[in-house]
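Everything on this sheet refers to the single structure shown next.
The values are calculated or read from the model by the stated rules, or taken from the named source; none is laboratory data. This is a predicted model, so every value here is computed, not measured. FYI the Cβ positions are ideal-geometry reconstructions off the backbone, even for glycines, and counts take in every protein chain you see. Just the protein is used for accessible areas: all its heavy atoms, side chains included, with ligands, DNA and RNA removed. Shrake-Rupley method; radii C 1.70, N 1.55, O 1.52, S 1.80 Å.
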Amino acid sequence: MATTSARTAVAENATARQVRRQRTTESKRAASNGQLFEELSRLVEAVKAGELSERANVGLFEGTERQLAEGVNEIVDALVRPINVTAEYVDAISKGNIPEKITEEYKGDF
């Protein structure tokens with residue numbers, strides 16, 4: 001009888017530890033998701049304000065959250081590159097200079 005009680009106690013302790021670890025993991029994940037949301041919100045506001053050199057700080061994240069932040073940065077880069085080329089050409093033309101033909105290829109709507 002004592003052996004069964006000891007086994008039950010050990011199993012209950014193991015289950016309790018597992019539940020605590022799972023709750024800790026879920027809590028860390030929620031905090032990381034909140035931090036990712038805050039960082040991406042900061043980036044969105046910066047880009048909306050015309051700060052096109054801003055990027056998400058990927059160093060704040062690991063794993064999937066880091067991959068998402070890197071992906072958002074890649075999206076911003078893909079949009080900003082042709083805008084910067086256009087701005088350079090408009091600036092040159094406004095000064096009476098005719099720039100060379102654009103030879104870089106852009107995919108999609110550009």
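So with the 1.4 Å probe, I'd like the accessible area per residue for the chain, rounded to whole Å².
Details: 8810 Å² over 110 residues.
Accessible surface, normalised per residue, equals 80 Å².
How large, in percent, is the carbon and sulfur part of the accessible surface of the chain at a probe radius of 1.4 Å? It would help to have the intermediate numbers written out before the result.
Details: 4730 of 8810 Å².
Ligands and nucleic acids excluded, carbon and sulfur give 54 percent.
For Glu74 and Ala9, FRET efficiency with R0 = 41 Å and r from the beta-carbon atoms, rounded to 0.05? Can you show the working numbers first?
Working: r = 53 Å, r/R0 = 1.28.
The pair Ala9/Glu74 has a calculated efficiency of 0.20.
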Options (i) 12, 38, 32, 12, 5, 1, 0; (ii) 14, 49, 30, 6, 0; (iii) 12, 24, 20, 15, 11, 8, 5, 3, 2, 0 - which one matches P(r) over Cα pairs in 10 Å bins from 0, in percent as calculated here: (iii)
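Just from its helices, what would the mean residue ellipticity at 222 nm be for the chain, if runs of 4 or more DSSP H residues each count -39500 (n - 2.57) and the sum is divided by every residue, rounded to the nearest 500 deg cm²/dmol?
Working: 2 runs with 79 residues, N = 110.
Calculated at 222 nm, the ellipticity per residue is -26500 deg cm²/dmol.
Rank-order 89-98, 62-71 by packing density, defined as the average count of other C-beta atoms within 10 Å over each peptide's residues, highest first. It would help to have the intermediate numbers written out before the result.
Details: 89-98: 9.9, 62-71: 14.3.
Ranking, from highest mean packing down: 62-71, 89-98.
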The chain: angle of helix 2-48 to the longest principal axis, Cα-based, in degrees nearest 10: 10
Among Arg21, Arg55, Arg42: highest mean-square fluctuation, GNM of the chain, C-alpha pairs under 10 Å: Arg21
Cα-centre dipole for the chain with unit charges at Cβ (Lys and Arg positive, Asp and Glu negative), debye to 20: 940
